[in-house]
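Structure record follows, encoded as structure tokens.
The values are calculated or read from the model by the stated rules, or taken from the named source; none is laboratory data. What you are looking at is a predicted structure, and each value in this text was computed from that prediction instead of being measured. Cβ placement follows ideal geometry from the backbone for every residue including glycine, while neighbour counts extend to all protein chains displayed. When the accessible area is computed, the model is the full protein with side chains, heavy atoms only, and any ligands, DNA or RNA have been set aside. Shrake-Rupley method; radii C 1.70, N 1.55, O 1.52, S 1.80 Å.
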Amino acid sequence: MIDILGIEPVKVSTDLASYSTFIYGPAKIGKSTLVHELYGDRVLHVMTEKRYKTLSGAHVVYVSKWSEFLDVMRQLRKPQVKERYDVISIDTVDNLADYAEKYVASKWEEESIGERTDTWGGDWRELKQTWKDGISMIEKNGFTAVFVSHSIQETTKIPVEDITEGDANSLSDYSEVTEKGVKYLEFLRYKPDLNDRYMNPINKMVDNILFLTNASDSAGNEKRVIRTRESLQWIAGSTFEGIQSVIDLNAKDYEDAVSEAIQGYGKENLTEERQANFDVKTEELDFDALMEEAKSFATKFYNVDKLDLLNAEVESIFGVGNKLTEATPKQVELLAVAVDRFKEIANKEGIA
């Protein structure tokens, strides 16, 4: 039962492994290296590409199909694995999405999803659920997820009247075009090489989206950087208030930038303990135990000739004509609500 008077204030963890991250950028810019340097031997790299030969000291498992990915996910339940790793990195997640699509397509006897016209969208719905269930297994088993993806460019144009002067000045390269009397700014926008149907569930999971790219310093020298804030030209974002928007691409500078941002929450609000989303406990409802408790209340109400009060609540919760004893395990949440209401009425009526 939820006790809102027993809530403790949120503490912000200083452990980088508490925060899930999506990292994307062009090939060979250093995405996998950054992940390895940030988390060291506490990260398991689940690789879908065989380009890890120089990732010295990394713990790597290569998967070439969705069934192999599921095999790895099942092994995350082992206590020894939980003791060994904090972070699970999927590198690259682009290929994993292809694996999921091929896996579901084979179940529907298709070469690709949507090929058949007699599924009424069932193949697409199954793909959506398969993907969501698969990637969520990382957090459900107590690990922090990191996803790595390649970047692609797409040509984008926005009406000039919809762009602020500050946004326009932030564009590194653009052209003005006019179509049907409307002026547009046309420019290249960077995004992950991942369809929205795969990216949307990830976006809801992660704390940070980091775009790795090249930039020029004040002297005009090219350097690699991490971008943490979104602009018209790229997707990015961070859960850390006040973090630098541009950070030199190396683990030490990123760790320092995160640490500086976290310190801004106040020393009294911080904890050194790693926090995973799995640590946010949810109550598991026991159908059999709840049913026994409900029947016990029914007996008590019957003994004092007030069973009508209980029956009224049953109809309100389960629907008119439905009986408490006919509830199924799929209705365990309704049963839990009913038991809580029985307790309230019993207290009010003095039924012991």
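Where helices (runs of 4 or more DSSP H) fall entirely within the range 243-325, those with at least 1 residues that are in contact with a helix residue (DSSP H, G or I) (Cβ under 8 Å, 6 or more places away or on another chain), touching a residue at least 60 places away in the same chain (Cβ under 8 Å) and open to solvent by less than 90 Å² (accessible area, probe 1.4 Å) are at 251-263.
Screening Tyr184, Tyr198 for residues that are of a type outside the set (S, T, N, Q), surrounded by 19 or more Cβ atoms within 10 Å (Cβ to Cβ) and more than 15 Å from the chain's Cα centre (by Cα) leaves exactly one candidate, Tyr184.
Identification of strands (runs of 3 or more DSSP E) wholly contained in the range 42-123 with 3 or more residues that are under 28 Å from Ser18 (Cβ atoms) and open to solvent by 30 Å² or more (accessible area, probe 1.4 Å) yields 59-62. Here Glu344 does not fit the description of being among the acidic types (Asp, Glu) and open to solvent by less than 80 Å² (accessible area, probe 1.4 Å). Comparison of Lys107, Lys140 shows that the only residue that is among the charged types (D, E, K, R) and over 19 Å from Leu44 (Cβ atoms) is Lys107. Figure legend. Inter-residue proximity from the range 104-119: first residues without any contact (Cβ under 8 Å) to a residue 24 or more places away in the chain and farther than 19 Å from Lys132 by Cα, second residues part of a loop (DSSP other than H, G, I, E, B) and among the acidic types (Asp, Glu), beta-carbon distance below 7 Å, spacing 6+ or different chains. Indicated pairs: Arg116/Glu110. Kindly indicate whether Asp133 is out of contact with any Cys (no Cβ under 7 Å at 6 or more places or on another chain) and either in contact (Cβ under 8 Å) with a residue 12 or more places away in the chain or under 30 Å from Ala251 (Cα atoms) (or both). Considered against the rule, which asks whether it is out of contact with any Cys (no Cβ under 7 Å at 6 or more places or on another chain) and either in contact (Cβ under 8 Å) with a residue 12 or more places away in the chain or under 30 Å from Ala251 (Cα atoms) (or both), Asp133 comes out as no. Quick check on the range 10-34: of everything there that is in contact (Cβ under 8 Å) with a residue 60 or more places away in the chain and of a type in the set (D, E, K, R), which residue is farthest from Tyr254 (Cα to Cα)? The selected residue is Lys11. In the set (1) at pLDDT below 95; (2) assigned to a helix (DSSP H, G or I), the condition left unmet by Gly142 is number (2). Tell me whether the range 153-168 contains one or more residues that are of a type in the set (Lys, Arg), open to solvent by 50 Å² or more (accessible area, probe 1.4 Å) and under 30 Å from Val182 (Cα atoms). Scanning the range 153-168, I find at least one residue that is of a type in the set (Lys, Arg), open to solvent by 50 Å² or more (accessible area, probe 1.4 Å) and under 30 Å from Val182 (Cα atoms), so the answer is yes. Restricting attention to the range 208-235, the residues that are among the acidic types (Asp, Glu) and open to solvent by less than 50 Å² (accessible area, probe 1.4 Å) total 0.
Scanning the range 14-26 for residues that are in contact with a strand residue (DSSP E or B) (Cβ under 7 Å, 6 or more places away or on another chain) and either part of a helix (DSSP H, G or I) or within 25 Å of Ile235 (Cβ to Cβ) (or both) returns Ala17, Ser18, Tyr19, Ser20, Thr21, Phe22, Ile23, Tyr24, Gly25, Pro26. Answer yes if at least one residue in the range 317-329 is at pLDDT 90 or above, of a type in the set (Gly, Ala, Ser) and within 33 Å of the chain's Cα centre (by Cα), and no otherwise. So far as the range 317-329 goes, no, none of its residues is at pLDDT 90 or above, of a type in the set (Gly, Ala, Ser) and within 33 Å of the chain's Cα centre (by Cα). Quick one: would you say Arg189 is basic (Lys, Arg) and closer than 30 Å to Gln275 by Cα? Judged against the criteria, Arg189 is not a match. Summed over the range 124-151, residues that are open to solvent by 50 Å² or more (accessible area, probe 1.4 Å) and within 27 Å of Glu273 (Cα to Cα) total 1. Within the range 326-352, the only residue that satisfies the criterion of being in contact with a helix residue (DSSP H, G or I) (Cβ under 7 Å, 6 or more places away or on another chain), under 17 Å from Glu292 (Cβ atoms) and part of a loop (DSSP other than H, G, I, E, B) is Ala327.
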